[in-house]
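**Student:** Structure provided below as structure tokens; questions to follow.
The values are calculated or read from the model by the stated rules, or taken from the named source; none is laboratory data. Source: prediction; values computed, not measured. Note that each Cβ is placed from the backbone with ideal geometry, even for glycine, and that neighbours are counted across all protein chains shown. Side chains are part of the model used for accessible areas, which takes the heavy atoms of the whole protein and leaves out ligands, DNA and RNA. Shrake-Rupley method; radii C 1.70, N 1.55, O 1.52, S 1.80 Å.
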Amino acid sequence: MMLWYTFRLMAKREFTVANEYIYNRTTPVRWILAHVWRYPGLPILAVVATIVNNLAYSYIQVYVGRGFDLITTADWQTTALAWIALGAVTMAVLQGLSGLGRNYLGEFLAQRVERDTRDELYVSLLGKSQTFHGQQRIGDIMARATNDVRAVNMMFSPGLTLILDSVIAAVTPLLVIAQIRLELLLTPVLFLVLFAITVNHYNRRLKPVSVAMRTQFGVMNAGLAEAIAGVETVKANVQERYEWDKFTQNARIYRDYFIQVGKIQAQYLPMLMFSLAWGAAFLHALLMWRAGQISLGQVVAFMGLVGLYRFVSFISIFSFNLVQLGLASAERILAILKIETDLDQNEAGVGQPLAGQVSFENVSFGYNGAAVLKNISFAIEPGQTVALVGQTGSGKTSLTRLINRIFDTDSGRVLVDGVNVRDWSLESLRSQISTIEQDVFLFSGTIAENIAFGCADASPAEIEEAAKQAQAHDFIMNFADGYRTEVGERGVTLSGGQRQRIAIARAFLTNPRILILDDSTSAIDSATEDRIQRAMRRISEQRTTFLITHRLSQIRWADHILVLRRGELVDQGTHDDLLARSPEYQKIFSVYE
């Protein structure tokens, strides 16, 4: 028997959560059913409530017919009519209560599924590799995480809730009509057959347009996000008109898909089928009444029951559109969830404190088949400071990203404390390595929160001490709110040098065993840099430091220097040794001078 969830082997991921529920991701439909199966009681109770609701509504028509028969007979009694009215009222109350329960259960299930889908997608995104994120458009990812997830919610409520109601509303009148007279089933059954055919045709036309519309929304949203994020570049290059034209073009395409949906809905045939069936049912009932086979009250009850199919026909144009949009969104979400990474969290891996010894053994690495590093080998002892020098594009940054497994090698081994980085617990490894890059990323929040990122239990005194070592304390205190100053998204309210100093303070606070500085003081003036460098020298004595810089003052005091050219390690040694023997280093050093 197919289960809607499966305990399959976990895919490789950089991040997981404890007791994660594993969903069946083979197809969008099975993935959605897996989410529903997590709460089996809710859909079962919703089905029961929907059946009760439709049966109660159908029997209201029966009571109306009985009342009509009663008042068309001679000497009818008010008491009898009161009992019939009481029966109709009882059915109406039962219909109202069951409808309330159905709607509550449907909405509750929809909200649970939306919550679980957001959790699943967010955890999946956190577990994806840097390679994956480098290939994605942020706006499209955001569209999937917001609008597409919301569309899955809408697919359940009101989409599937209305479809469930429609299906049961199509069946329950048949059961009640059969109790009146079996011959009366002819027209409703023929209508349902035609209804199924026309709805299937409608869905087949609607599905590709719905998929294209959701995809185009992602494209439009991605372009908008890029324009807003890079608005400074747009303005500096006077490209506002270009970005406007690009957005309006994408918006027109999105609008055109909406128009296509409208055209398909305008050609919706079930309402026409219902009108014809209603007329045919009335004619059939009158002929049977004329033949004396049914009473006039039964004709009234029958027409009331057939009239229930108006809701089934009308609501389908709305509910099936929501379901198609939901399925299209589920397919887009599932496409992200199914992308696997080559990196593994390796929770059972080595988790001991680092000493800081790093060695590369014949390491090669590349992006998308293009070689970046070729056969690199070196060994660094704990506490040493290593400078990486080379022209732009020589592979310096890529080399450092292999140490904390932002990327994995294509061949060869990277060892930390004599252990292959693949055998380390990823969390343990990365928590003891800190990287400060030229392009510093700060989160929306206070300065204190950004310094303490990665060390959430740090005290205010520890945060302040780290800021002082990074030469950030003075400018922070110049703000009215000091360490409680909000920095804005990506730290846009701070200068480049201020952002770098906050990042350096963050690194000082986490007290890493391996520190990677990637041109981390490029936006800082010389006097401030000198003070930071003295602080760095003090802390570098206790940790292994990899330094990517063009500053001679930093290169000179490195214990070991790696000279890279076009992805190859052409020489290594101390500054004096390299300056004496290495033409490549002499050339680079003369350029830096």
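**Student:** I'd like to check something: does the range 270-277 contain any residue that is over 25 Å from residue 142 (Cβ atoms), of a type in the set (Gly, Ala, Ser) and surrounded by 16 or more Cβ atoms within 10 Å (Cβ to Cβ)?
**Tutor:** Looking for residues that are over 25 Å from residue 142 (Cβ atoms), of a type in the set (Gly, Ala, Ser) and surrounded by 16 or more Cβ atoms within 10 Å (Cβ to Cβ), one finds at least one in the range 270-277, hence yes.
**Student:** Quick one: count up the residues across the range 440-462 that are in a helix (DSSP H, G or I), over 10 Å from residue 508 (Cβ atoms) and among the β-branched types (Val, Ile, Thr). Steps first, answer last, please.
**Tutor:** Of the range 440-462, the ones in a helix (DSSP H, G or I) are 447-451, 460-462.
Still in the running and over 10 Å from residue 508 (Cβ atoms): 447-450, 460-461.
This time we only want the ones that are among the β-branched types (Val, Ile, Thr), so: 447.
Residues flagged as in a helix (DSSP H, G or I), over 10 Å from residue 508 (Cβ atoms) and among the β-branched types (Val, Ile, Thr) within the range 440-462 amount to 1.
**Student:** Looking only at the range 357-377, count how many residues are part of a loop (DSSP other than H, G, I, E, B) and modelled with pLDDT of 90 or more. Spell out how you get there, then give the answer.
**Tutor:** Kept after step one, since they are part of a loop (DSSP other than H, G, I, E, B), are these residues of the range 357-377: 357, 368-369.
With modelled with pLDDT of 90 or more added as a condition, the list becomes 357.
Selection size over the range 357-377: 1.
**Student:** Also, quick follow-up: State the number of residues belonging to the range 333-348 that are assigned to a helix (DSSP H, G or I) and open to solvent by 20 Å² or more (accessible area, probe 1.4 Å). Break it down into steps so the answer makes sense when it comes.
**Tutor:** At the first step, the residues of the range 333-348 found to be assigned to a helix (DSSP H, G or I) are 333-337.
Those left that are additionally open to solvent by 20 Å² or more (accessible area, probe 1.4 Å): 335.
Matching residues across the range 333-348 total 1.
**Student:** Name the residue that is modelled with the highest pLDDT, counting only residues in the range 415-439 that are more than 13 Å from residue 354 (Cα to Cα), among the acidic types (Asp, Glu) and not in a helix (DSSP H, G or I).
**Tutor:** Only one residue fits best here, namely 437.
**Student:** Looking only at the range 158-173, decide whether some residue is out of contact with any helix residue (DSSP H, G or I) (no Cβ under 7 Å at 6 or more places or on another chain), among the hydrophobic types (A, V, I, L, M, F, W, C) and part of a helix (DSSP H, G or I).
**Tutor:** Yes; the residues of the range 158-173 include at least one that is out of contact with any helix residue (DSSP H, G or I) (no Cβ under 7 Å at 6 or more places or on another chain), among the hydrophobic types (A, V, I, L, M, F, W, C) and part of a helix (DSSP H, G or I).
**Student:** So, in the range 483-507, how many residues would count as being part of a helix (DSSP H, G or I) and free of Cβ contacts under 8 Å to residues at least 12 places away in the same chain?
**Tutor:** Start the filter on the range 483-507 by keeping residues that are part of a helix (DSSP H, G or I), which leaves 483-484, 489-491, 496-507.
Filter once more, keeping what is free of Cβ contacts under 8 Å to residues at least 12 places away in the same chain: none.
Final tally of qualifying residues: 0.
**Student:** Any idea how many residues of the range 125-169 are of a type in the set (S, T, N, Q), in contact (Cβ under 8 Å) with a residue 12 or more places away in the chain and under 23 Å from residue 34 (Cβ atoms)?
**Tutor:** Looking only at that region, the number is 4.
**Student:** I'm trying to understand the selection: among the residues of the range 232-268, which are among the aliphatic types (A, V, I, L, M) and either outside any helix (DSSP H, G or I) or surrounded by 13 or more Cβ atoms within 10 Å (Cβ to Cβ) (or both)? Don't jump to the end; show me each part of the working.
**Tutor:** Residues of the range 232-268 that are among the aliphatic types (A, V, I, L, M), as a first pass: 234, 236, 238, 251, 253, 259, 261, 264, 266.
Once the filter is applied, which keeps residues that are among the aliphatic types (A, V, I, L, M) and either outside any helix (DSSP H, G or I) or surrounded by 13 or more Cβ atoms within 10 Å (Cβ to Cβ) (or both), the range 232-268 yields 234, 238, 251, 253, 261, 264.
**Student:** Which condition number in (1) modelled with pLDDT of 85 or more; (2) part of a loop (DSSP other than H, G, I, E, B); (3) within 34 Å of the chain's Cα centre (by Cα); (4) β-branched (Val, Ile, Thr) is the one that residue 294 fails?
**Tutor:** Checking residue 294 against (1) modelled with pLDDT of 85 or more; (2) part of a loop (DSSP other than H, G, I, E, B); (3) within 34 Å of the chain's Cα centre (by Cα); (4) β-branched (Val, Ile, Thr), the one that fails is (3).
**Student:** To continue, here is another question. Could you list, in sequence order, the residues of the range 72-84 that are part of a helix (DSSP H, G or I), open to solvent by 50 Å² or more (accessible area, probe 1.4 Å) and touching a helix residue (DSSP H, G or I) at 6+ places or on another chain (Cβ under 7 Å)? Before you say what the answer is, go through the steps one by one.
**Tutor:** Initially, the range 72-84 is screened for residues part of a helix (DSSP H, G or I), giving 78-84.
Retained after the next criterion (residues that are open to solvent by 50 Å² or more (accessible area, probe 1.4 Å)): 78-79, 81-83.
Within the range 72-84, 81 is the sole residue that qualifies.
**Student:** Moving on. Looking at (1) of a type in the set (Val, Ile, Thr); (2) open to solvent by 10 Å² or more (accessible area, probe 1.4 Å); (3) in a loop (DSSP other than H, G, I, E, B), which one does residue 397 not meet, given that it meets all the others?
**Tutor:** (3)
**Student:** Given the criteria without any contact (Cβ under 8 Å) to a residue 24 or more places away in the chain and either out of contact with any Asp or Glu (no Cβ under 7 Å at 6 or more places or on another chain) or outside any helix (DSSP H, G or I) (or both), does residue 92 qualify? Working first, answer last.
**Tutor:** Numbers: without any contact (Cβ under 8 Å) to a residue 24 or more places away in the chain: no; either out of contact with any Asp or Glu (no Cβ under 7 Å at 6 or more places or on another chain) or outside any helix (DSSP H, G or I) (or both): yes.
No, not satisfied.
**Student:** Please state which one of 39, 57 is among the aromatic types (Phe, Trp, Tyr), farther than 28 Å from residue 131 by Cβ and either within 22 Å of the chain's Cα centre (by Cα) or outside any helix (DSSP H, G or I) (or both). Show your work before the answer.
**Tutor:** Numbers: 57 fails: either within 22 Å of the chain's Cα centre (by Cα) or outside any helix (DSSP H, G or I) (or both).
Selected residue: 39, the only one of 39, 57 that is among the aromatic types (Phe, Trp, Tyr), farther than 28 Å from residue 131 by Cβ and either within 22 Å of the chain's Cα centre (by Cα) or outside any helix (DSSP H, G or I) (or both).
**Student:** I would also like to ask the following. When both residues are 6+ apart or on different chains and their Cβ atoms are under 7 Å apart, which pairs have a first residue that lies in the range 37-50 and is in contact (Cβ under 8 Å) with a residue 60 or more places away in the chain, and a second that is not in a helix (DSSP H, G or I)?
**Tutor:** Between residues of the range 37-50 that are in contact (Cβ under 8 Å) with a residue 60 or more places away in the chain and residues that are not in a helix (DSSP H, G or I), the close pairs are 38/21.
**Student:** Check off (1) touching a residue at least 60 places away in the same chain (Cβ under 8 Å); (2) farther than 27 Å from residue 589 by Cβ; (3) touching a strand residue (DSSP E or B) at 6+ places or on another chain (Cβ under 8 Å) for residue 372 and give me the number that stays unchecked.
**Tutor:** (2)
**Student:** Let me ask you something else. Condition check: free of Cβ contacts under 8 Å to residues at least 60 places away in the same chain, over 16 Å from the mean Cα position of the chain (by Cα) and over 20 Å from residue 210 (Cβ atoms). Does residue 122 satisfy that? Lay out the reasoning, then the answer.
**Tutor:** Details: free of Cβ contacts under 8 Å to residues at least 60 places away in the same chain: yes; over 16 Å from the mean Cα position of the chain (by Cα): no; over 20 Å from residue 210 (Cβ atoms): yes.
It is false that residue 122 is free of Cβ contacts under 8 Å to residues at least 60 places away in the same chain, over 16 Å from the mean Cα position of the chain (by Cα) and over 20 Å from residue 210 (Cβ atoms).
**Student:** Here is a follow-up. How many of the residues making up the range 14-32 are loosely packed, with under 15 Cβ neighbours inside 10 Å, under 20 Å from residue 125 (Cβ atoms) and among the aliphatic types (A, V, I, L, M)?
**Tutor:** Here the count works out to 3.
**Student:** To continue, here is another question. Could you say which residue among 168, 163 is open to solvent by 10 Å² or more (accessible area, probe 1.4 Å), among the aliphatic types (A, V, I, L, M), at pLDDT below 90 and within 30 Å of residue 214 (Cβ to Cβ)? Break it down into steps so the answer makes sense when it comes.
**Tutor:** Working: 168 fails: at pLDDT below 90.
Exactly one of 168, 163 is open to solvent by 10 Å² or more (accessible area, probe 1.4 Å), among the aliphatic types (A, V, I, L, M), at pLDDT below 90 and within 30 Å of residue 214 (Cβ to Cβ), namely 163.
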